[in-house]
Amino acid sequence: MAEQYKTKILCIGAGYVGGPTMAVIAQKCPHIKVTVVDINEAKIAAWNSDNLPIYEPGLDEVVKEARGRNLFFSTDISKGIAEAGIIFVSVNTPTKQYGVGAGKASDLQYWEKTARQIVEASSENKIIVEKSTLPVRTAEAMERVLNANEKGLHFEVLSNPEFLAEGTAISDLHTPDRVLIGSMETESGRAARQELVDIFANWVPRERIITSNVWSAELSKLVANAFLAQRVSSINAISELCEKTFADVQEISRAIGADTRIGSKFLNASVGFGGSCFKKDVLNLVYIAESNGLNEVAEYWEWVIKMNDHQTNRFVRNIIRASFNTVAGKKISLLGFAFKKDTGDTRETPAFYVTKQLREEHAEITVSDPKALDNAKIDLKDLSGITFEIDPYKACANASAVAVLTEWDLYKTLDYERIYKSMMKPAMIFDGRNILDHQRLYEIGFNVYRIGKTPLLHSETALI
Ligand code: UDX
Ligand code: UDX
């Protein structure tokens, strides 16, 4: 049956990136066989079930349409490698936790292991596509590992960084701002690049498919994330200033975002950015700059991370200060644990750091989230004094403070009068995402603390 396909694609790594990306390629290219493999058997079983391993709006429908037709999930990595002409590598590249570059550099052990696996299972030339975010010049290193084979095989390495954001992955994949494909500037490099361009051209307008040399493609991904993270840190820095000056950070975002040169996106002040990419990629950029002796460049970008940590830390300090300087024994309810709305992903979520610091102050924490409680339980398994409650009303009952940490739409429409009545008084609410109707909350009786705006306080019950 498989022989009916002229083009066969394999993706190694069935995570947040590999899974949705391949599902959309399969959906849009029914003439191509797409197989996704992973070392994690439970994950592959989940991809083959009705309960997919990740929550992503619209993903279920795409998978249902293509799975079993031309989209397959499997643990047989060697077979997948042997039959595919194009292999995407989307294994994780976490920040290195040991040795040289610890805390900053990418840990490339999975990537290198995968490269060796590819050589072993191959008996013909192949195109290898880097999908994982990697330090610049990794493609070159991988090309060496791959082409050092003694079978006389040639592997052409391309870089095709993924720009999808979680929570909007499917629409980002359906209508990307751009697709970036980098190759070696050799005849075989350009030919391989064209093959990949032709695949994306099945649904992406040609003018949105950008080609470049492989190093530019690799670095562009880090730079894009660094710029986005920098915008969040910049507006968060301004939010602290606003809290001291009676300016309103949302009014400022609106005013500056109307300038088309600045643009309106990524100007929401928040409890801090999270996710698997921003911190990792900025630290990676810092490490690359340092490795090249560019200390000012490294320091400049490092401040994006420092400012983000500062924003989360000061959010916690505000809770403690408003709680008459002690949260010990008090119940604090956290609404949202995912690093952003519409995902169950909790990697690097600011909610984790908020929870940890509040526990250090001996607060009793209840965590609520519509999609991320399973991950939250894993992340917080080493901490005591935490309960998990999916129902936000139950989560907030008897709390002295509620903190909104993820901008889930459902938190905008809760019955806050009911919540207020069930809480200890004075009842405090900390909106870490500025999504609630603050004036209304104040009228209900809450002391309302927000990001980048003066708090709304019933002065007789609050520390000013
Ligand atoms: C990953 C990288 O972390 C990121 O840097 C890159 O930009 C895209 O790929 P993500 O898909 O979010 O992002 O990671 P994750 O959800 O952890 O998925 C990686 C998958 O690779 C996991 O399912 C893991 O089991 C699998 N894997 C890892 C392998 O199949 N083989 C390995 O050797 C290592
Ligand atoms: C990011 C990039 O956007 C994407 O292109 C890349 O492929 C992977 O990394 P992701 O981490 O999934 O995507 O989500 P994103 O929407 O970028 O949000 C990152 C973090 O910044 C979240 O914690 C979000 O809440 C926060 N954020 C975002 C803000 O605090 N304010 C904003 O204005 C925007």
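The values are calculated or read from the model by the stated rules, or taken from the named source; none is laboratory data. Please read these numbers as outputs of a predicted model, since none were measured by experiment. When we count neighbours, we look across all protein chains shown, and the Cβ atoms used for this are built from the backbone with ideal geometry, even at glycine.
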In segment 34-65, what count of residues is obtained for those that are under 24 Å from SER78 (Cα atoms) and touching a residue at least 40 places away in the same chain (Cβ under 8 Å)?
3
Suppose the filter is hydroxyl-bearing (Ser, Thr, Tyr), out of contact with any Leu (no Cβ under 8 Å at 6 or more places or on another chain) and closer than 27 Å to VAL17 by Cα; does SER291 pass it?
no
So SER333 passes all but one of these: (1) small (Gly, Ala, Ser); (2) in a strand (DSSP E or B); (3) surrounded by fewer than 19 Cβ atoms within 10 Å (Cβ to Cβ). Which condition number does it fail?
(3)
Checking ARG178 against (1) within 21 Å of the chain's Cα centre (by Cα); (2) away from ligand 2 (no atom under 16 Å from the Cβ): exactly one of these is not met. Which one?
(2)
All-but-one check, GLY18 against (1) within 16 Å of ligand 2 (Cβ to nearest atom); (2) in contact with a helix residue (DSSP H, G or I) (Cβ under 9 Å, 6 or more places away or on another chain), failing number (2)
Any idea which of ALA322, ALA269, ALA328, ALA289 is in contact with a strand residue (DSSP E or B) (Cβ under 7 Å, 6 or more places away or on another chain) and among the aliphatic types (A, V, I, L, M)?
ALA322
Go through segment 116-170 and report how many residues are among the β-branched types (Val, Ile, Thr) and more than 16 Å from ligand 2 (Cβ to nearest atom).
8
Being in contact (Cβ under 8 Å) with a residue 40 or more places away in the chain, under 15 Å from ASP309 (Cα atoms), more than 16 Å from ligand 1 (Cβ to nearest atom) and more than 19 Å from the chain's Cα centre (by Cα): is that true of SER270 here?
no
So which of GLY152, GLY189 is touching a Ser or Thr at 6+ places or on another chain (Cβ under 6 Å) and either free of Cβ contacts under 8 Å to residues at least 24 places away in the same chain or among the small types (Gly, Ala, Ser) (or both)?
GLY189
Has segment 15-29 got at least one residue that is assigned to a helix (DSSP H, G or I), at pLDDT 95 or above, of a type in the set (Lys, Arg) and away from ligand 1 (no atom under 14 Å from the Cβ)?
yes
Quick one: in segment 171-204, which of the residues that are of a type in the set (A, V, I, L, M, F, W, C) and over 12 Å from ILE25 (Cα atoms) is modelled with the lowest pLDDT?
MET184
When restricted to PHE352, PHE315, the only residue aromatic (Phe, Trp, Tyr) and touching a Gly at 6+ places or on another chain (Cβ under 7 Å) is PHE315
Selection status of SER323, more than 16 Å from ligand 2 (Cβ to nearest atom), under 24 Å from ASN268 (Cβ atoms), crowded, with 20+ Cβ neighbours inside 10 Å and among the small types (Gly, Ala, Ser)
no
Report yes if ILE54 is within 16 Å of ligand 2 (Cβ to nearest atom), of a type in the set (A, V, I, L, M) and assigned to a loop (DSSP other than H, G, I, E, B), otherwise no.
yes
Considering only residues that are assigned to a loop (DSSP other than H, G, I, E, B) and modelled with pLDDT of 95 or more, look in segment 455-464 and name the one that is nearest to the chain's Cα centre (by Cα).
PRO455
